1. Which pairs break 23 Å Cα to Cα here: A:Lys11/C:Lys64; B:Lys158/C:Lys64; B:Lys408/C:Lys64?
2. Using Cβ counts within 10 Å as a stand-in for footprinting exposure, how do B:Trp189, B:Trp128 rank, fewest first?
3. For a test of the definition: using alpha carbon positions, the gyration tensor, and the 1.5 limit on a/c, classify region B:139-208 as rounded, prolate or oblate.
4. One quarter of the convex hull surface, Cα atoms only: what value does that give for region B:423-512 in nm²?
5. Please list, in chain and number order, the residues 5+ apart from A:His10 or on another chain whose amide H is under 5 Å from its amide H, with Hs placed from the backbone.
6. Per the Cauchy relation, a quarter of the hull surface: what is the mean projected area of the convex hull of the alpha carbons in the protein assembly as shown, in nm²?
7. List the relative contact order of chain B as a percent without decimals, with contacts defined as Cα pairs under 8 Å and 6+ residues apart.
8. Using alpha carbon centroids, what distance separates region A:36-83 and region B:137-159, in Å?
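Values quoted throughout were computed directly from the atomic coordinates according to the rules given, and no laboratory measurement underlies them. Note that the structure is predicted; figures quoted are calculated from it, not measured. Cβ placement follows ideal geometry from the backbone for every residue including glycine, while neighbour counts extend to all protein chains displayed.
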Amino acid sequence: MICEIGAFLHKGEGTKIVAHFKEDPRVLGAYVEAGRTSDLFRFREFGSASENDIVMLIANQIDTDSLFDEVCDLAGIDAPQRGLVFLMPLHTRIGV
Amino acid sequence: MLIAPYSGVRFFAQLRAVLPLAAYLIAFQLLILRQPLDAALTLSAGLFAVVFGLALFMEGLNVGLMPFGTLIGDRLPRRASMPVMLSIIAVLGVGVTFAEPAIGALQAFGVSVDVTRAPYLYELLNNWTLPLVLLVGLGVGLAAMLGTVRFVYGWSLKPVIFLTVLPTICVTLIVYANPDLRAIIGLAWDCGAVTTGPVTVPLVLSIGIGIANSAGKPGSSLSGFGVVTLASLLPILAVLGLALFVAEIRSPDEIIAAAKAMPAASTAAQARGFWSTSPVQEVVLGVRAILPLVVFLLFVLFVLLRDRLANRVFTTYGLVLAVIGMCIFNIGLTFGLGAIGGQTGAALPAAFMQIDTNAASPLYDMRLGLVLVISFAWVLGLGATLAEPALNALGLTVQNLTNGAFRKSMLMYSVALGVASGIALGIAKILFGLNLIYLLVPLYTLALVLTFFSTEEFVCVAWDSAGVTTGPVTVPLVLAMGLGLGKAVSAVEGFGILSMASIGPIIAVLGMGLFFRFRQGSDSEAEVEASLEGAH
Amino acid sequence: MAKRRITYLTDALIITCIVQSARADAVVEAAQNVGAQGATVTYARGTGLRERMGLLGVTIDEQKEMIRIIVSEEQADRVFEAMFLAGQLDRPGMGIMFMNDLTRVATFIPDDVLDAAQRSEREGGDTL
């Protein structure tokens, strides 16, 4: 089964993660998107919201355990105010 | 049909911006100045045209002009060498200045200048008009080039601002040292403000963003900004330089003598042709502001870059909307907003002094009247700025680039607040005969200090917002008022309001950015930075 | 940094909601009012069957906003419903939303919260 590892991180952090996994054979696809968040981080540079990065890594389920931990580690989410990482199964077919 | 919600949303967005301003002007005139309203029917039709034209123009900007600009900016660095790219941008800068209708408004001021009191100002506005506009254009062109070089190499905007503002202030002080030249300062600083209008700003911004995306260093999402800033600073230097040059070659006495020798020449040239009759002139202005630029850019795209329009139908639709919208908007300005502004502006001095058209004047005693006039100017500045299309475009761009984190409304309100305070100060300058330099120098120093402490994002947006505030809504309203008041109190010159309106928003936006950081406490920001450091 | 540990959270869902541009803030606010946290909004472009109009095929508001909110299983339905109503998704052309199961989620959890959770688990109570 194919899974998605997603992460909501600070602006600029997503690009680093995608760059890190670009050549990784376990990763089928790595994407980063720019967005805004109003309540994920305490610091809001534009008053009501701050910019953030959304990472999307697509991988086979066998690889997701190790990848998930690596993403968590790279993103440093064991420290406060860093964002979050999630794992989502994509049940249907996927074309790569 | 979904056409109703599609157009409805856009129409009502502009209605909300224009209606309060018009209502305010009418209420002020009827209730405070107790003057009846002339031609109420034409006024309402004009106001409707303003709203309708603005809605069309903004949609045209979004669908046509701005994606078009971004496309050019994106292709230029890939297909053209650096010198070619820079010369295209410089030509664009000069062209944009000639297209800007507000430059003409400055020239119209020239006739009203008293030659014996401000000889060099008179000389520049009457006999040096072409070199003046050309130099302002060159300043804008140079600014556009510098701005491009800046974001291709990823320089910070802060040192560039320090290196431009400080010499400008120094030259201003040098000019101030010569009493005959003193009156030039207002003109020079106002020229900087008027160069950037409703077509220039979105186009320059979108081209800058395109270039920053394809050639710039990755970094802040707002790094494509900063060109408009320089475009309003360098022309100031250019005009001051020209003034110093003229002062070298002609003495004040020569000018006064020459002016007295040919008094009737200018009035003879005022004969109105078909092209300057009312609705035609506005259409010509609207077409002139957009079409030459678009044709030049199409030439660049097709001939120099050998590229095609990616989405021809959309872009054409947008460009057509923009031109039509601009024309309708211009007509609406003449018959609607501009007319009300002119009526109110002319009646305004009645609040504190005796004028011919109002038998009951002065309506209030001196002190109350002055307070009324200045607070009127403040609210007028606020309303007019919110209706300004260039500010709308800037806000939209900022909001899109930050994915909505930097809200359009937030930017617009802080800029409008800044402009309002600036205009009130400028009016006070005219009423009390203050010298512009006593306002300019401290305010710009404050802006530089704030710049030093602000983040790059806010610096870029703040300095750019200074250029966008003085567009087709604000300039005629403010100039009408400034001219009326200037005549009433017989000031030497009515310049300086616009330059006050430019520095206001810079301070307001920078202040807002610093306020957010202060309110959230420096620890939450330090926390983010520390954790970012520690993770890698 | 000393020992780093990752705490997995389970029983979480992600709600994705796509609405017309400039409507996201109202939807996010509705979600926050019923207890959701950490909404992330991005701009997106979309086209739909019913949104074509006119001769030129100009799409109404092709600019969309996409909201993503991670919620726990207990609050999921409540948040979903609040967002649906706030976004007026029962009207034509307003947008679409859906919800996915997440296998696991990881984020920073303060130590005291973690301890309390472990204690209650030992005592046979609910997890986070």
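1. Working: A:Lys11/C:Lys64 21 Å; B:Lys158/C:Lys64 35 Å; B:Lys408/C:Lys64 16 Å.
Cα-Cα > 23 Å for B:Lys158/C:Lys64; rest within.
2. Values: B:Trp189 28, B:Trp128 19.
Placing the least packed residue first, the sequence is B:Trp128, B:Trp189.
3. Values: a/c = 3.71, a/b = 1.63, b/c = 2.28.
Verdict is oblate for region B:139-208.
4. On the way: hull surface 22.5 nm².
Average projection, Cα convex hull of region B:423-512: 5.6 nm².
5. A:Asp53
6. Details: hull surface 148.8 nm².
Projected area, direction-averaged: 37.2 nm².
7. Details: 852 pairs, mean separation 126.7, N = 536.
About 24 percent, as a whole number.
8. 35 Å
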